[in-house]
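Down below is the structure, laid out as structure tokens.
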Amino acid sequence: MPSPALVIIGSGPAGWTAAIYAARANLKPVVYEGAIIEKNRLQGTLPLGQLALTTEVENFPGFPDGVMGPELMERCRKQAVKFGATVVTDDIVSVDFSRRPFVLTPLEGAPIQALSVIVATGARANYLGLPSEDAFKNRGVSACAVCDGALPRFRNKALAVVGGGDSAIEEATFLTKFASRVYLIHRRAELRASRIMQERALSNPKISPKWNTVIDEVLGTEKEGVTGVRLKSVLDGSREEIPVAGMFCAIGHTPNTDFLKGQLELTEKGYIRWKQTNRTVTSVEGVFAAGDVADDYYRQAITAAGTGCMAALDSERWLAAKGLAH
């Protein structure tokens, strides 16, 4: 069997958009969408990406009435297959980019070779790890204020944001556009955010810091979803319940790059490093990166899709220049 011209690893907005563009360019891409296994379920890396774990998406162009995250990804998958992409429901667990063709090893089956690769494995949000938190994900617990903050369930309600860095301040500040009050839950007595971000938050009359506290439990009901959080003081162990309609975790993301095992250059935060401005090229010629696995700044479905398009075009042009396109 000849080596595929292009293998795409990942199945979120970046992966499917790359597959659509590559398939229409007659590259016959093979997409490894991920394995349906318990490990992936627990860490939020099942096929279809982070949007498969969300409910209504209101800010994706072309859907003025919103669309459910899983439906949007299923549509993208169907579109990629329609144009000729081959989908494999499996994980790539290791890669060898020192050889050409590249060698990719799946969780099941024999290794495969590829002339070019697009890595679009995304990044998973970090959560607190509480059972009550997991129980209310997508029913008041979120890790993306820009994605979910404007939803009706949060409007004119009190909300909680967990974290103390720049991301937490950005999330809290954004949520003040919709919430009646935003509680900023931080385990220390001062924020880790930059000085200007701290000043922005602490001067906002809608933001109320809760110092030296952690989330002890997310409170809610089956019908209403999140109705409050119970806080625990790290100083004396005392507890306090505050009514909120939602809790937003802003304690970072973990890029899904473990399988690369040093094969590509990463940033200090562990994201794949783009080696050229406005290009998706990586430290290995012929390997491209798209979506949140290389973007720790925007982290939106539409920007992931945009870089998926870019990666497909970069791959197509690289293959053509090398005389490798079929």
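Of all residues in segment 299-326, those that are surrounded by fewer than 20 Cβ atoms within 10 Å (Cβ to Cβ) have Cβ atoms under 8 Å from Cβ atoms of residues that are hydroxyl-bearing (S, T, Y) and assigned to a helix (DSSP H, G or I), 6 or more apart or on another chain, in G306/T17; C309/T17; C309/Y21; L313/Y21. Within segment 241-274, restricting attention to residues that are in a loop (DSSP other than H, G, I, E, B) and free of Cβ contacts under 8 Å to residues at least 60 places away in the same chain, which residue is surrounded by the most Cβ atoms within 10 Å (Cβ to Cβ)? Once the filter is applied, the top-ranked residue is W274. Show the residue pairs that are 6+ apart or on different chains and have beta-carbon atoms under 6 Å apart, the first residue being within segment 152-169 and more than 15 Å from R181 (Cα to Cα), the second being of a type outside the set (G, A, S) and part of a loop (DSSP other than H, G, I, E, B). Hits for this filter: G163/I251; G164/H186; G164/L191; G164/R192; G165/R192. Tallying residues that are free of Cβ contacts under 8 Å to residues at least 40 places away in the same chain and assigned to a helix (DSSP H, G or I) within segment 17-51 yields 4. Residues in segment 89-98 that are within 18 Å of K261 (Cα to Cα) and either acidic (D, E) or not assigned by TED's automatic domain parsing to the domain that holds P47 (or both) were compared, and the one that is surrounded by the most Cβ atoms within 10 Å (Cβ to Cβ) is D91.
Cβ-Cβ distance below 6 Å, separation of 6 or more or different chains: which pairs start in segment 210-221 with a residue that is surrounded by fewer than 19 Cβ atoms within 10 Å (Cβ to Cβ) and end on one that is of a type in the set (S, T, Y) and not in a strand (DSSP E or B)? Between residues of segment 210-221 that are surrounded by fewer than 19 Cβ atoms within 10 Å (Cβ to Cβ) and residues that are of a type in the set (S, T, Y) and not in a strand (DSSP E or B), the close pairs are E217/S132. In segment 135-179, the residue that is farthest from P70 (Cα to Cα) out of those that are of a type outside the set (G, A, S) and in contact with a Ser or Thr (Cβ under 7 Å, 6 or more places away or on another chain) is D166. Tell me, please, whether a residue that is acidic (D, E) and either over 25 Å from R124 (Cβ atoms) or surrounded by 24 or more Cβ atoms within 10 Å (Cβ to Cβ) (or both) can be found in segment 48-65. Yes, segment 48-65 contains at least one residue that is acidic (D, E) and either over 25 Å from R124 (Cβ atoms) or surrounded by 24 or more Cβ atoms within 10 Å (Cβ to Cβ) (or both). Selection over segment 102-131 of residues that are within 19 Å of I272 (Cβ to Cβ) and surrounded by fewer than 17 Cβ atoms within 10 Å (Cβ to Cβ) gives a count of 3. Selection within segment 66-83: residues that are of a type in the set (A, V, I, L, M) and surrounded by fewer than 17 Cβ atoms within 10 Å (Cβ to Cβ). The member of this set that is nearest to D148 (Cα to Cα) is M68.
Of all the numbered requirements in (1) assigned to a loop (DSSP other than H, G, I, E, B); (2) modelled with pLDDT of 95 or more; (3) under 21 Å from R230 (Cα atoms), R139 misses one, and that requirement is (2). Condition test on E38, is it modelled with pLDDT of 90 or more, out of contact with any strand residue (DSSP E or B) (no Cβ under 7 Å at 6 or more places or on another chain) and either farther than 17 Å from L151 by Cα or surrounded by fewer than 21 Cβ atoms within 10 Å (Cβ to Cβ) (or both)? So E38 fails the test.
Matching residues to (1) in the same structural domain as D295 (by TED's automatic domain parsing); (2) in a loop (DSSP other than H, G, I, E, B); (3) out of contact with any His (no Cβ under 8 Å at 6 or more places or on another chain); (4) of a type in the set (V, I, T):
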site	(1), (2), (3), (4)
V87	yes, no, yes, yes
R100	yes, yes, yes, no
L104	yes, no, yes, no
S132	no, no, yes, no
N156	no, yes, yes, no
I169	no, no, yes, yes
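For segment 298-318, taking the residues that are among the charged types (D, E, K, R) and part of a helix (DSSP H, G or I), the one that is farthest from V57 (Cα to Cα) is identified as R317. Of all residues in segment 174-211, those satisfying the criterion of being of a type in the set (K, R) and assigned to a helix (DSSP H, G or I) are R195, R200. Only one entry of I185, I215, I196, I207 meets the criterion of being farther than 18 Å from V244 by Cβ and β-branched (V, I, T), and that entry is I196.
If I filter segment 182-200 for residues that are assigned by TED's automatic domain parsing to the domain that holds E240, among the β-branched types (V, I, T) and within 21 Å of E58 (Cα to Cα), do I get at least one hit?
No, segment 182-200 has no match at all.
The values are calculated or read from the model by the stated rules, or taken from the named source; none is laboratory data. A quick note: this is a predicted structure, and the numbers were derived from the prediction, not measured. We place every Cβ from the backbone using ideal geometry, glycine too, and count neighbours over all the protein chains shown.
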